[in-house]
């Protein structure tokens, strides 16, 4: 099961609901996401995660533009503006 946020209706906000994940293809996770069992891939993911947390990431999605940090998909307009400002 997976929790997913659904928009109920304009003006009524959002609600979390449990949804079933689709069946994985024959071969399971390894077939669906190649290299996830590769130790080098796992090490790189851990290294990237630790570096991101050290930089100030505290949730997902977090975006960095230079040294500026933005949290949340509702900040995409601000991110675009910051990219243009830093050019």
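Taken together, the values in this text are just the output of simple stated rules run on the coordinates, not laboratory data. Small disclaimer: the values here were computed from a predicted structure and weren't measured. Here the Cβ positions follow ideal geometry from the backbone for every residue, glycine too, while neighbour counts run over all protein chains shown.
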- Describe numerically, in nm with one decimal, the distance between label points set 7 Å from Cα along Cα→Cβ at residue 81 and at residue 36. 3.8 nm
- Between residue 44 and residue 65, what is the FRET efficiency for a Förster distance of 22 Å, r being their Cβ-Cβ separation, to the nearest 0.05? 0.45
